[in-house]
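Here the structure comes first, spelled out in structure tokens, and everything after it is commentary.
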Amino acid sequence: MNDPRTHSRALPQGDAGERFVDYYQRLADHGLAPEIITVTPHEIVTREYPTLYDWLGIERPVDETMEMGRSLYLRIEQLHSHGICHRDLHTANVVLRGNEVPLFIDPAFAIDSNPDMPCYDLEGPERSGVPVPPEHATQPNDNRFGVWWDSTGPVPTLTSAFGALADVRDSS
């Protein structure tokens, strides 16, 4: 049965809005983002799913949480294999279709990346060579160093939810 709920998000104006829609469409085409229902010059409407942040707010067995972490890791690897670097992956920018399939939203900072190089979303800017988005670099907190799996900062990071990337990667 299809989920009839939708989510509407205002788009940035100009080139930033076009980039947002382009990356969202690419993600959706690969099954890595919710289905796009419609796009207007001012908004994008997609299927709505609960966020990973909300999923984590419910007490779950450790093995179920770790399985989600492994699943998310593999989905990020899939994202990167398509040459896309999200650069803002945290628990509020991942939604769950069917309460189990991670999908990525909010590609405002997404850029093309080389799948043969380390992935920014997993390894960070230094190891990947992918720059921190300027919007993050100017923040007065740890987000200025970027947002990736093992990053720190005020956003709910993936490491705070699932532990260090090395631990999740080793268990996959």
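The values are calculated or read from the model by the stated rules, or taken from the named source; none is laboratory data. Values in this document were obtained by computation on a predicted structure and should not be read as measured data. Quick reminder, even Gly has a Cβ in these numbers, built from the backbone with ideal geometry, and neighbours come from all protein chains shown. Side chains are part of the model used for accessible areas, which takes the heavy atoms of the whole protein and leaves out ligands, DNA and RNA. Shrake-Rupley method; radii C 1.70, N 1.55, O 1.52, S 1.80 Å.
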remark   = Among (1) in contact with a His (Cβ under 8 Å, 6 or more places away or on another chain); (2) farther than 18 Å from ILE76 by Cβ, PRO140 falls short only on (1)
inquiry  = Just the residues that are under 21 Å from ASP170 (Cα atoms) and among the basic types (Lys, Arg), please, taken from region 74-129.
reply    = ARG75, ARG127
key: Hey, ASP112 modelled with pLDDT of 95 or more and surrounded by fewer than 18 Cβ atoms within 10 Å (Cβ to Cβ) or not   = yes
request  = Working carefully through the options PRO102, PRO125, PRO107, find the one that is at pLDDT 95 or above, within 27 Å of ASP142 (Cα to Cα) and open to solvent by 20 Å² or more (accessible area, probe 1.4 Å).
outcome  = PRO125
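Restricting to region 142-154, name every residue that is assigned to a loop (DSSP other than H, G, I, E, B) and open to solvent by less than 50 Å² (accessible area, probe 1.4 Å).
Looking only at region 142-154, we keep the residues that are assigned to a loop (DSSP other than H, G, I, E, B), and these are 146-154.
The answer is GLY146, VAL147, TRP148, TRP149, SER151, GLY153.
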remark   = Of the candidates LEU103, LEU72, the one satisfying the condition of being under 28 Å from MET117 (Cβ atoms) and either in contact with a Lys or Arg (Cβ under 8 Å, 6 or more places away or on another chain) or outside any helix (DSSP H, G or I) (or both) is LEU103
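Within region 131-171, which residues are acidic (Asp, Glu) and either within 16 Å of THR91 (Cα to Cα) or touching a residue at least 24 places away in the same chain (Cβ under 8 Å) (or both)? Lay out the reasoning, then the answer.
To start, the set of residues in region 131-171 that are acidic (Asp, Glu) comprises 135, 142, 150, 167, 170.
Those that are acidic (Asp, Glu) and either within 16 Å of THR91 (Cα to Cα) or touching a residue at least 24 places away in the same chain (Cβ under 8 Å) (or both): GLU135, ASP150.
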